[in-house]
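The values are calculated or read from the model by the stated rules, or taken from the named source; none is laboratory data. Every value quoted in this text rests on a predicted model; they were computed, and no experiment measured them. Here the Cβ positions follow ideal geometry from the backbone for every residue, glycine too, while neighbour counts run over all protein chains shown.
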Amino acid sequence: METWVVVFIVIAVIALIIWGIVSMVHVLQEYERGVVFRLGRVRGRAKGPGLIILLPFGIDRMRKVTIQTVAMNVPPQDVITKDNVTMRVDAVVYARVEEPVPAVVKVQNYLFAVSQSAQTNLRAILGKYDLDMLLSDRESINRELHGIIARVTHEWGVQVLSVEVKDVDLPDELRRAMAREAEADREARALMISADAERRASRLLSDAAAILSQNPGAMQIRFLQTVAAVATEQNSTLVMPIPVELLSMFGRAVGGDPGNGYPAGPPPAVSPSPSSQATPGPEDGPQPEQGNGRPG
């Protein structure tokens with residue numbers, strides 16, 4: 001055998017040994033675990049993190065699995081609620097691998113499987129609720145979704161941490177109807193608050209009027225306070241109303257008509273009527289003739 005053939009064989013053997021030694025050494029990160037298959041069979045529990053030694057030449061094969069929490073976005077789903085309202089709803093699922101061996105052996109792609117389970121249960125669960133319940137009670141819906149999806153993924157070694165309904169896309173017509181309903185509700189509450197305020201103010205005014213009627217001096221004090229409040233403004237003219245009772249008292253003091261408060265004037269002169277003058281009768285005798293200057 002020639003020398004160069006022997007050298008080539010030796011170099012190939014050395015390279016093969018070096019490649020085998022290099023392929024035996026693997027390093028796993030803190031967030032990674034390795035499921036080792038030896039001749040197609042699982043070697044107990046998952047390995048890692050750190051330095052892992054495997055048999056070379058394909059005897060041992062390792063599959064890496066991350067144990068970090070994964071946020072999976074559930075694509076928007078067309079959902080028909082219990083009260084026949086069509087909408088599009090999407091969600092987000094937070095999950096992580098707790099047992100790497102079942103996640104590799106029992107399911108082909110655990111992330112895809114969790115996503116499909118979330119989509120199916122999202123349509124099924126939301127179809128049991130009314131629109132108002134769906135919009136107002138998200139917490140109970142999230143808890144129910146989490147419980148159902150977690151039971152499905154438990155046998156895969158995947159733990160579902162939480163499921164949250166992220167967005168509810170309502171039709172435009174329904175949004176406008178809800179806006180009108182909310183506006184009408186706010187106006188009704190405003191009217192009720194205003195009416196209640198009027199009722200309480202009327203009660204207070206009634207109580208104040210009763211107190212002022214029992215204490216006449218309080219009415220005068222209130223009158224002076226009103227005059228003082230008006231005088232504080234920058235006005236050139238101050239109007240002071242005079243009660244009608246004061247005018248009546250002034251009329252009675254000067255002897256006038258107490259009914260209108262004005263002083264009474266002198267009585268009007270009465271002229272005698274022409275029919276009241278006396279006419280001469282036959283017993284009075286003939287009247288002397290006047291106008292000619294001679295005795296009759």
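Would you confirm whether any residue within region 94-102 is at pLDDT 90 or above, within 29 Å of the chain's Cα centre (by Cα) and within 30 Å of VAL35 (Cα to Cα)? Yes: one or more hits. The single condition among (1) modelled with pLDDT under 90; (2) in contact with a His (Cβ under 6 Å, 6 or more places away or on another chain) that THR86 does not meet is (2). Looking at PRO102, PRO56, just one residue is touching a Ser or Thr at 6+ places or on another chain (Cβ under 9 Å), farther than 23 Å from GLU164 by Cβ and surrounded by 15 or more Cβ atoms within 10 Å (Cβ to Cβ), and that residue is PRO56.
Can we say ALA91 is modelled with pLDDT of 90 or more, of a type in the set (A, V, I, L, M), touching a Lys or Arg at 6+ places or on another chain (Cβ under 9 Å) and assigned by TED's automatic domain parsing to the domain that holds VAL165? Reasoning before the result, please.
Values: modelled with pLDDT of 90 or more: yes; of a type in the set (A, V, I, L, M): yes; touching a Lys or Arg at 6+ places or on another chain (Cβ under 9 Å): yes; assigned by TED's automatic domain parsing to the domain that holds VAL165: yes.
So ALA91 fits the description; yes.
Of all the residues in region 73-83, those that are in a strand (DSSP E or B) and either outside the structural domain of GLN116 (by TED's automatic domain parsing) or surrounded by fewer than 16 Cβ atoms within 10 Å (Cβ to Cβ) (or both) number 4. Candidates in region 9-48 are the residues that are charged (D, E, K, R) and touching a residue at least 24 places away in the same chain (Cβ under 8 Å); of these, the one that is surrounded by the fewest Cβ atoms within 10 Å (Cβ to Cβ) is ARG45.
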